[in-house]
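These notes are about the structure you will find just below.
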Amino acid sequence: MNKNKVSVVTLGCSKNTVDSERLMRQLQLNSIAMTDNPEDAQTLVINTCGFIEAAKEESINTILNAVALKNERKLNKVIVAGCLSERYKDDLIKEIPEVDFYFGTEEYEGIVKELGGELKYNLLGERFISTPSHTAYLKISEGCDHPCSFCAIPIMRGKHKSKPIEELVNEAEYLAANNTKELVIIAQDTTDYGKDLYGKKSLALLLRELSNIDNIEWIRIMYAYPSRFPTDVIEEIASNQKICNYIDIPLQHISDKVLRSMRRGISSNQTRKVLQNIRETVPDIALRTTLLVGYPNESEKEFKELYEFVKETQFDKVGTFTFSVEDNTASYILGDTVPQKIKEERKDILMEIQKEISSNKNSEFVGKKLKVLVEAVEGDFYIGRSYRDAPEVDGEVLILKKNAKLKTGEFYNVLVNDFNEYDLFGELII
Ligand code: SF4
């Protein structure tokens, strides 16, 4: 029985998931035994998140729990990596010295070496797929060049750096050969893809290349930055059957005063124009956005403007976050002027109106046929997603089982016959 199993714990966003998958594949290639049960491991690698207060707290608690297990001799080694460690390494070394090693983001070589292996550079495109195999994230670049005042990500992930198209196509082919059917395209800003390598934004070109890969049926675009939005991407969505009519475009706010202070590089009118252009070019597009409430000095009037914008725009999906003061960001000097209670109230008010909007939009699908990727079975239902639902963040399509025998990871046609705020219900079309 191998007495030195490693468990990799991933916190934070899908970009961290990809980093952990790359690391785990390297451990596999070095025949280093792994377990997905931390209690069964002798070494714990914690891939941390350092984005906002709540995420930092979760990372620190996870580290402290691991150190406690080590002190109880239930663990031999604790290795901490990722964004929190990248951002606060010196403080962490002082405050939690029991951790054996602190690594930053993307320091695979050091971790693999510490675990007795050797980095296989030529196989860095390979991944240990930790998501259900039919869907996988494809991280197309690292870092970010945008100066958003509230965001610490550039501190942890550095400047924008695209991965060459050939490497991404190889990685996607590897995923497709391992049963992946849906590629979820991620980065800090996916629309900036290629500007550093090819001298111009080249996401549309990359999408075309990826859509030539057999077995890949859905390509979904997340984290698209609104300003200087490349119109050729919208045209590619409209003309390319494999690109889902779906886009995640975090807007954060709509008030010109707040957008200026956030340094988002876009005005409210320009924002509306981008959304209008997307909807005119792809009429059945599903739009997801992320909004930030409680930004310093956000007045009741500015919040009302955001509320009216959500009502007017009728997004399909909305995620709302409350402002978190982050040291070394441009907004740090503004302090934290909006009380937490008000922030939470504003978040709830937005999510309440969005629930209504989402319910109305779902009602429009009753009687319609949808292609659904089945992912799981729960009770009387098969659980799946349509082109309108990204994994982990959006709704589901529940298919009544009846006598049907469906396979997870396969696509089926479904007739929608019911809905609620977030999900659709339907039956299989034989
Ligand atoms: S686009 Fe703005 S919010 Fe997003 S990662 Fe870059 S700096 Fe942060």
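The values are calculated or read from the model by the stated rules, or taken from the named source; none is laboratory data. Predicted model only: the values in this text are computed from it and were never measured. Methodologically, a virtual Cβ is constructed for each residue, glycine included, from the backbone with ideal geometry; neighbour enumeration extends over all protein chains shown. What goes into the accessible areas is simple: the full protein's heavy atoms, side chains included, and nothing from ligands, DNA or RNA. Shrake-Rupley method; radii C 1.70, N 1.55, O 1.52, S 1.80 Å.
Structure notes:
- Lysine pairs in the range 342-394 with Cα atoms under 30 Å, if 8 or more residues apart or on separate chains: 9
- Area projected by the alpha carbon convex hull of the range 324-374, averaged over all directions, nm²: 6.7
- Reduced Cα scattering model of the range 135-363, Debye log10 I(q)/I(0), q = 0.10, 0.11, 0.17 Å⁻¹: -0.48, -0.59, -1.27
- Sites Lys200 and Glu106 - FRET efficiency at Förster radius 25 Å, r taken between beta-carbons, to 0.05: 0.45
- For the chain, accessible area per residue (1.4 Å probe, heavy atoms of protein chains only), Å²: 44
- Site pair Ile353 and His146 shows an inter-label distance of 2.2 nm when each label is modelled 7 Å from Cα along Cα→Cβ.
- Estimated 222 nm signal from helices in the chain, with DSSP H stretches of n ≥ 4 weighted -39500 (n - 2.57), rounded to 500: -11000 deg cm²/dmol
- Volume in Å³ per residue [convex hull over Cα atoms, computed for the range 82-187]: 136
- Taking only the alpha carbons of the range 199-281, we obtain Rg and Dmax values of 14.2, 47 Å in that order.
- Charged-residue dipole, Cβ positions (Lys, Arg, Asp, Glu), the chain about Cα centre, Debye nearest 20: 480
- Label-point separation in nm, Tyr121 to Ser239, each point 7 Å along Cα→Cβ: 3.9
- For Leu406 and Lys368, the FRET efficiency from 1/(1 + (r/R0)^6), where r spans their Cβ atoms and R0 equals 22 Å, is about 0.70.
- Out of every Cα-Cα pair that the range 306-430 contains, those further apart than 20 angstrom amount to 54 percent.
- Per principal axis, descending, Cα span of the range 5-114 in whole Å: 36, 32, 21
- Rounded percent of accessible protein surface that carbon and sulfur make up, the range 135-363, 1.4 Å probe: 51
- Treating r as the C-beta distance of Asn215 and Val377 and R0 as 25 Å, the FRET efficiency rounds to 0.60.
- Straight-distance crosslink candidates among lysines, where the alpha carbon sits under 28 Å from Lys77 and sequence neighbours closer than 8 are dropped: Lys3, Lys5, Lys15, Lys56, Lys89, Lys94, Lys113, Lys120
- Debye log10 I(q)/I(0) for the chain, one point scatterer per Cα, at q = 0.12, 0.13 Å⁻¹: -1.12, -1.29
- Loop-located trypsin sites (Lys or Arg not before Pro) across the range 1-93 with a Cβ neighbour count of 14 or fewer within 10 Å are Lys3, Arg73, Lys74, with loop assigned by DSSP.
- Set of aspartates and glutamates with alpha-carbon distance to Lys304 below 16 Å, sequence-local pairs under 8 removed: Asp256, Glu312, Glu344, Glu345, Asp348, Glu352
- Compactness of the range 369-428 as Cα Rg over 2.2 N^0.38 Å, two decimals: 0.97
- Of every Cα-Cα pair in the range 282-368, the percent that sits beyond 14 Å: 67
- The range 1-114 - percent of accessible surface contributed by carbon and sulfur, probe 1.4 Å: 47
- Approximate spin-label separation Lys159-Thr35, in nm, with each point projected 7 Å along Cα-to-Cβ: 4.5
- Trypsin sites (Lys or Arg not before Pro) lying in DSSP loop within the range 130-166, provided at most 11 other Cβ fall within 10 Å: Lys159
- Counting only protein heavy atoms and a probe of 1.4 Å, the accessible surface of the range 369-428 is 47% carbon and sulfur.
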